[in-house]
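Just below is one structure, and these are the notes that go with it.
Where a number appears in this text, it was derived from the coordinates with a stated rule and is not lab data. None of the values given here were measured: they were computed from a predicted structure. No Cβ is skipped: glycine too gets one built from the backbone with ideal geometry, and neighbour counts run over all protein chains shown.
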Amino acid sequence: MQTDRSSLIVGILLVAVGGGWLLSSLGFIPTVDWAWTLGLAMIGVLAVILSGFDKVSFVVSGFFGLASLFSILRQTGTLTTEVEVPLLVLAAGVLLLMARSPAIPPPRWIDKG
């Protein structure tokens, strides 16, 4: 079941990036450095794929997902670096606070003894 979900996520991500790349190559949307944006997004996706959903993967995947989104917004002129960086710092803090929720399981590698 985990493999099915992983291939679905990776497939959707590749279609989205390929579609965005094609649209920017055809001039329908502003040009974006898709390799950088995809790299940021893949770090987030791989955090969940490799370790499952837990407190650490929640923070890592959320942070890199937002970094990928903010990268697109910055490259298209919607967001400046002066706004992007503080937003990422705020997002990291909010994600860390949210990860304290008992609804999000701790990582398997933490010894509870």
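At a glance:
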{"quantity": "The stretch 19-81, relative contact order in percent, only Cα pairs under 8 angstrom and at least six apart counted", "calculated": "32 percent"}
{"quantity": "For the stretch 55-94, alpha-carbon Rg and Dmax in angstrom", "calculated": "10.4, 33"}
{"quantity": "With Cα atoms, 0 to 90° folded angle of helix 81-99 axis to the chain main axis", "calculated": "20 degrees"}
{"quantity": "FRET efficiency for residue 78 and residue 98, using Cβ-Cβ distance with R0 set to 35 Å, rounded to 0.05", "calculated": "0.90"}
{"quantity": "DSSP loop trypsin sites (Lys or Arg not before Pro) with at most 13 other Cβ within 10 Å excluded, longest remaining stretch of the chain", "calculated": "1-99"}
{"quantity": "Projected label distance in nm at residue 53 and residue 16, using a 7 Å step from Cα toward the beta-carbon", "calculated": "1.6 nm"}
{"quantity": "Per residue convex hull volume, Cα atoms of the chain, in Å³", "calculated": "109 Å³"}
